[in-house]
1. Determine whether region 75-95 contains at least one residue that is β-branched (Val, Ile, Thr) and surrounded by fewer than 12 Cβ atoms within 10 Å (Cβ to Cβ).
2. Among the residues of region 71-82, what is the count of those that are modelled with pLDDT of 90 or more and either part of a loop (DSSP other than H, G, I, E, B) or in contact with a Ser or Thr (Cβ under 9 Å, 6 or more places away or on another chain) (or both)?
3. Can you list residue pairs whose Cβ atoms sit under 8 Å apart, with the first residue in region 95-118 being under 19 Å from residue 43 (Cβ atoms) and the second being β-branched (Val, Ile, Thr)? Count only pairs 6 or more apart in sequence or on different chains.
4. Would you mention how many residues in region 72-125 are polar (S, T, N, Q) and under 19 Å from residue 54 (Cβ atoms)?
5. Look at residue 53 and say whether it is among the charged types (D, E, K, R), free of Cβ contacts under 8 Å to residues at least 60 places away in the same chain, part of a helix (DSSP H, G or I) and within 23 Å of residue 106 (Cα to Cα).
6. How many of the residues making up region 82-98 are of a type in the set (Gly, Ala, Ser) and within 18 Å of residue 39 (Cα to Cα)?
7. Determine, yes or no, whether residue 36 is assigned to a helix (DSSP H, G or I) and either among the acidic types (Asp, Glu) or free of Cβ contacts under 8 Å to residues at least 60 places away in the same chain (or both).
8. From 30, 41, 62, grab the single residue that is within 28 Å of residue 97 (Cβ to Cβ), out of contact with any Ser or Thr (no Cβ under 8 Å at 6 or more places or on another chain) and of a type outside the set (Asp, Glu).
Amino acid sequence: MPAKLSEREKKARGTAQKCRAVEARSLRTIRREIRELRRAIADQQFNLNLARKSVQADGILIEVLVTSSNGRFEKTRRLNPAFKIQAQSMSALRSLTRQFDFLCEELDTAEAVQQKAEEFSEFSI
């Protein structure tokens, strides 16, 4: 599935459709979402750093106790689960940064609209 395009990218390609344009949101809402998104990005970076440290400390394979079909405990070497966490964190970071780019573009548009409205109201009687 192709990545979602921003409004700016759609206009550059010439594929923007006015009927599908998203309604403008308030600056307050956009700024709140940006703050929340920054926290989520920081959390994912923290998870990624912990996973990297685990892989560096424990290595690629870790020893795990498993029960055999006889009911005895045996030590086996398995892939470190931190690899899965690391992959998921990197994927989440990519999608969150893409979403952050969309929000920044939306913020720029909303600020331009508000500035234009303030200029218009300043000169009106």
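1. Restricting attention to region 75-95, the residues satisfying the condition of being β-branched (Val, Ile, Thr) are 76, 85.
With the extra rule that they be surrounded by fewer than 12 Cβ atoms within 10 Å (Cβ to Cβ), the set shrinks to 76.
The answer is yes; a qualifying residue exists.
2. Pass one, region 71-82, residues modelled with pLDDT of 90 or more: 72-82.
Still in the list and also either part of a loop (DSSP other than H, G, I, E, B) or in contact with a Ser or Thr (Cβ under 9 Å, 6 or more places away or on another chain) (or both): 72-74, 80-82.
So the answer is 6.
3. Filtered contacts from region 95-118: 96/41; 97/41; 100/34; 100/41; 103/30; 103/34.
4. Let us first name the residues in region 72-125 that are polar (S, T, N, Q), namely 76, 80, 86, 88-89, 91, 95, 97, 99, 109, 114-115, 121, 124.
Checking which are under 19 Å from residue 54 (Cβ atoms) leaves us with 76, 80, 86, 88-89, 91.
Number satisfying all stated conditions: 6.
5. Details: among the charged types (D, E, K, R): yes; free of Cβ contacts under 8 Å to residues at least 60 places away in the same chain: yes; part of a helix (DSSP H, G or I): yes; within 23 Å of residue 106 (Cα to Cα): no.
Judged against the criteria, residue 53 is not a match.
6. Our first condition is that a residue be of a type in the set (Gly, Ala, Ser); within region 82-98, this holds for 82, 87, 89, 91-92, 95.
Add one more test, that the residue is within 18 Å of residue 39 (Cα to Cα), and what stays is 89, 91-92, 95.
Number of matching residues: 4.
7. Numbers: assigned to a helix (DSSP H, G or I): yes; either among the acidic types (Asp, Glu) or free of Cβ contacts under 8 Å to residues at least 60 places away in the same chain (or both): yes.
So residue 36 passes the test.
8. On the way: 41 fails: out of contact with any Ser or Thr (no Cβ under 8 Å at 6 or more places or on another chain); 62 fails: within 28 Å of residue 97 (Cβ to Cβ).
Going through 30, 41, 62 in turn, just one is within 28 Å of residue 97 (Cβ to Cβ), out of contact with any Ser or Thr (no Cβ under 8 Å at 6 or more places or on another chain) and of a type outside the set (Asp, Glu): 30.
The values are calculated or read from the model by the stated rules, or taken from the named source; none is laboratory data. The structure presented is a predicted model; accordingly, all values stated were derived computationally and were not measured. As a convention, Cβ positions derive from the backbone with ideal geometry for all residues, glycine included, and neighbour counts pool all protein chains shown.
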